[in-house]
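Since the structure comes first, as structure tokens, the remarks are kept for the end.
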Amino acid sequence: MTDEMILVVRRALFDELGAFQGLNFEIDRYLPALLARENNFFTPRPPAETDPSLKQIIPYVLLVHEGRVLHYVRGKKAGEQRLVAKGSIGIGGHMNDHDEGLFALDRAAYDAAVQREVGEELKLGARYQNRAVALLNDDSNDVGRVHLGVVHIFQLETPDVQKGEAMITELQFLDRAQLAARRDSMETWSQICFDHLDELLAAAAR
């Protein structure tokens, strides 16, 4: 069985654009460069997971309905074993080589891949608006050091969402107080997004 091929950029490009810790809302400064075909490429996943000279591009989608945010717990079948049993408000995954052959990705291919990734993990019966609102970087741990998130907000017309994969457990929409009570058990990216939820939703509404 061949290794999974995933989309990456060089850490040097991220540093050149302006490395940061946490969220950065200058989406138009980063995303066009990250998704320019000359700047990204596919590489086998196993070595990339421990190579800090590369950043794996990960769409991270928050699904929102009337102010409540979809929350779930990553089950034992999660692809990233370092995140098992963690709570999450982000649906996301790697951009794979089947998204665009073995070549680079552009914005159109990336947008299609985001739709595919969410459609694999969830069954969405609701119409929605999709906005990419921020970049997310966390170099404070081994998982974060090799990943770079693109935070999307899906504003849903109805709460018609069901799980599509076994790794999604305890799926439910929660209000701010319920999310706050679960914050400490969330994965780091979700903690960062929750701490800046008002800013993310405001960016999506612009």
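FYI, it's all coordinate maths here, none of it is from the lab. Model, not experiment: these values are computed from the prediction. As a convention, Cβ positions derive from the backbone with ideal geometry for all residues, glycine included, and neighbour counts pool all protein chains shown.
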**Item:** Proximal charge balance of residue 170 [Cβ under 12 Å; K/R count +1, D/E count -1]
**Value:** +4
**Item:** Nitroxide proxy distance, nm - points 7 Å out along Cα→Cβ at residue 28 and residue 206
**Value:** 0.8
**Estimated translational D of the range 118-205 in µm²/s (Stokes, Kirkwood radius over Cα pairs; 25 °C; 0.890 mPa s)** = 169
**Complete:** In terms of the charge dipole of the chain, which places +1 on Lys and Arg and -1 on Asp and Glu at the beta carbon, the residue among 146, 133, 89 farthest towards the positive end is 89
**Asked** When the Cα atoms of the chain are enclosed in a convex hull and the volume is divided per residue, what value in Å³ results?
**Response** 114
